[in-house]
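Derivation of every value follows stated rules applied to the coordinates shown; laboratory data play no part. Because the structure is a prediction, the values reported are computed rather than measured. Cβ sites come from the backbone with ideal geometry, for glycine too, and all protein chains shown count toward neighbours.
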Amino acid sequence: MMHRAVLLGVLVICGSAVSAEHQRKVLKYVFDPQVTAGRLILKVGLEFDSGPVDTAELEVPKAWGDATDLRSVTNVRNSYAGGRVRVTWDLVKDWVVPPPRADHHAIIEPTYFEFNTQNGLIHPRLDKLTPVEVRLDWSRLPAGWTLATSFGTAKRLQTFRGTWGEMNNALFAGGDFRLIGRSIAGRHLVVAIRGKWRFADEEAADHVRKVISIERAFWHDYNFPYYLVTVSTFGRDGGGSGGGGFTNAFALFIQRTSLFGEDVQSLLAHETFHTWNPLRMGLTPDSDAGMAWFTEGFTRYYQDVLLLRAGMLSFDEYLQRTNNYLRDYFLSPARNLSNAELIDRRRHVGVDDDLVYTRGAATALWLDSTIRKSTRGESSLDNVMFDLVQQAHGRSPALTDERIYRAASKYLSVQSLAHLREYVELGKTVSVPPDGLGSCANLQMDDIPRFELGMNREDLVGQQMVSGVKVGSAAYAAGARDGQHVSRTDIYWNDVSKPVRLIVNADGASKALEYYPRGESIGAVPQYHLRSGELADSARCLSENAGSASR
């Protein structure tokens, strides 16, 4: 998921405003962390020259991602003198109980901080193509704290020159992070990790390096002199994992009890893929909801494909992951909404479900199979993706539906291109190719039970408490009862093929619960199955799904 700010406040200062649209804008930020009574306040100052008009509009973070009511920017003050605007504010922790997606808030703790431009920094209103020079003064950080940002780790005085869009997508972390260095094709990778884990720091750094190496090798793109990955927690146990991609950086948030397993690797693979789709394919609209079928859906498809090709997923695991998104897509009551209806629902009703991911992934699966057939195996969906990046090299064409159609039309018949438009624009049900996973798997219709957690999800995730247990459910049969405290959760949401595992505490004793979250049948959907004996021949299955494209 690519995170973007969805609401910004405006602060008007007597003085002058932003200069001509593409004249370089110089901004200076100074950071001063102060710990008082066990609470960190990160005092921030901003200065910049104002231009020839009477007001300067500043954008103040109010919401970002799933955090719709940010309150971390406080005590804002501003002044104007001699053609220069100065703004100061306090950046503070804005929750008591960690919300489900605490990573969408500025994380400000006594021993560390982690935030991004859009949820922590006030700034003048700028076009994303505006050239900027941003000076970041971290010299007041305590001597024992490490610093890790989108712009490096070694210097406390950092300067970034580029576009405002890059700065607006920057990541900043500091405090008790441990820095582990790695190299990818001679380019510097830093993993900044904090806390105690079930895996060693070096193991995490090796996994991160491998996933990022896979993606750079796929794209044949090593133009990354520096890259940062932070590894931290949501500030609580339970609730899964999350993260997001930033300029030269990726932020990974996982449970304290997590292993660096396939789900974490898939999350990292997904968000890293956004470096190219869409960021190196051209400009997307300020609100890119209409392109989510491609930017999110096709990325959802490739996160598994690339892990399979690299041997980080077995063919059986890849098949199950494909079945998961096909199941979710076909069982969605909104499956046949048009793209315009999905956009409207997302913008005005506030619904932000997984359909854009699952329908987009199903479309990508169909498109890859269709291209392979029409070109007799000489090309694949990979070629379309490579073409889109190559077209944007050295310039910034808009990434639109029509541009993607044109890129795909090179490898499709007129009839297949018409089907692609119907899937994307009209919401016509995507045809699942029987040979979409090669000759190692066949396709059949399976009866699917409903995912039934058997208890209140919000209390389990947000409060680590069992409540609302449904009598007669698998959860009840396993021993779940209202009032139990949960110290550990292991849940594959909406996946009825994997058990729910909980450690609950009641009456002073701990107890392990395990059950399959299966309810009544909700319909038949297309699912892939390994052909008899194919599990032993996984090498051939892998080769059939390794892609045949070349750049």
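Helix screen, the chain: DSSP H segments with Cα axial length of 24 Å or more and mean Kyte-Doolittle hydropathy at least 0.0 are 355-374.
Database remark: amide H of residue 450 closer than 5 angstrom to the amide H of 519, 520, 521, 522 (H placed geometrically; neighbours at sequence offset of 5 or more, or on other chains; Pro and chain starts carry no H). What are the aspartates and glutamates whose alpha-carbon lies under 20 Å from the alpha-carbon of residue 155, with same-chain residues fewer than 8 places away excluded? The qualifying aspartates and glutamates are 32, 114, 133, 137, 166, 176. Computed about the Cα centre, the dipole magnitude for the stretch 106-264 is approximately 340 debye when only Lys and Arg (+1) and Asp and Glu (-1) carry charge, each at its Cβ. Per-residue 3J(HN,Hα) values for the stretch 182-189, derived from phi via the Karplus relation 6.51 cos²θ - 1.76 cosθ + 1.60 with θ = phi - 60°, read 9, 9, 10, 6, x, 9, 7, 10 Hz in sequence order (x marks Gly and Pro).
Solvent-free Debye calculation, one equal scatterer per alpha-carbon of the stretch 161-312: log10 I(q)/I(0) at 0.20 Å⁻¹ equals -1.43. Between the stretch 297-375 and the stretch 240-258, what is the C-alpha centre distance in whole Å? Computed from Cα coordinates, the inter-centre distance equals 22 Å. Taken one residue at a time, the phi angles of the stretch 145-156 give Karplus couplings (6.51, -1.76, 1.60, θ = phi - 60°) of 7, 8, 10, 9, 10, 4, 10, x, 10, 7, 9, 7 Hz. Gly and Pro are set to x. Computed from phi, the 3J(HN,Hα) profile of the stretch 171-178 under the Karplus parametrisation 6.51, -1.76, 1.60 (θ = phi - 60°) reads 10, 9, 9, x, x, 8, 6, 9 Hz, with x in place of Gly and Pro.
The eigenvalues of the Cα gyration tensor, multiplied by 5 and square-rooted, give the stretch 453-516 an equivalent ellipsoid with semi-axes of 16, 12, 12 Å from largest to smallest.
Of the residues 532, 479, 461, the one whose Cα sits farthest towards the positive end of the charge dipole of the stretch 379-533 is 532 (charges of +1 on Lys and Arg Cβ, -1 on Asp and Glu Cβ, taken about the Cα centre). Which lysines have a Cα less than 17 Å from the Cα of residue 43, not counting those fewer than 8 places away in the same chain? Straight-distance partners of residue 43: 28, 93.
By the beta-carbon count within 10 Å of each Cβ, the least crowded to most crowded order of 385, 445, fewest first, is 445, 385.
Under the convention that each Lys and Arg Cβ holds +1 and each Asp and Glu Cβ holds -1, the size of the dipole of the chain around its Cα centre is about 1100 debye. Compared with the rule-of-thumb size 2.2 N^0.38 Å for a compact globular protein, the stretch 105-145 has a Cα radius of gyration ratio of 1.48. By the beta-carbon count within 10 Å of each Cβ, the least crowded to most crowded order of 393, 105, fewest first, is 393, 105. Computed from label points 7 Å out along Cα-Cβ, the spacing between residue 492 and residue 187 is 3.3 nm. Working note: 222 nm ellipticity from helices only, DSSP H runs with n ≥ 4, each -39,500 (n - 2.57), summed and divided by the residues of the chain, gives -7500 deg cm²/dmol to the nearest 500.
The length gained by stretching the chain between residue 28 and residue 501 to full extension, at 0.36 nm per residue less their Cα-Cα distance, is 165.4 nm. Here the stretch 31-181 is treated as a Stokes sphere of Kirkwood radius computed over C-alpha pairs; at 37 °C and 0.692 mPa s its diffusion coefficient rounds to 202 µm²/s.
Take the Cα of residue 314, go 7 Å toward its beta carbon, and the backbone nitrogen atoms of the stretch 265-279 under 19 Å from that spot belong to 265-266.
Each listed q (0.17 Å⁻¹) maps to a log10 I(q)/I(0) for the stretch 249-398, found by the Debye formula over equal Cα scatterers with no solvent: -1.15. Pull out a ≥ b ≥ c, the square roots of the eigenvalues of the alpha-carbon gyration tensor of the chain, then state rounded if a/c is under 1.5, prolate if not and a/b is larger than b/c, and oblate in the remaining case. Since a/c reaches 1.5 but b/c is at least a/b, the shape of the chain is classed as oblate. Extension gain for residue 439 to residue 49 (0.36 nm times residue separation, less C-alpha to C-alpha distance): 134.0 nm. Annotation: amide H-H contacts under 5 Å for residue 130 (H modelled 1.01 Å from N, sequence separation of 5 or more, or interchain): 164, 165.
Panel order for 260, 199, 294, by other beta carbons found within 10 Å of each beta carbon, from fewest to most: 199, 260, 294.
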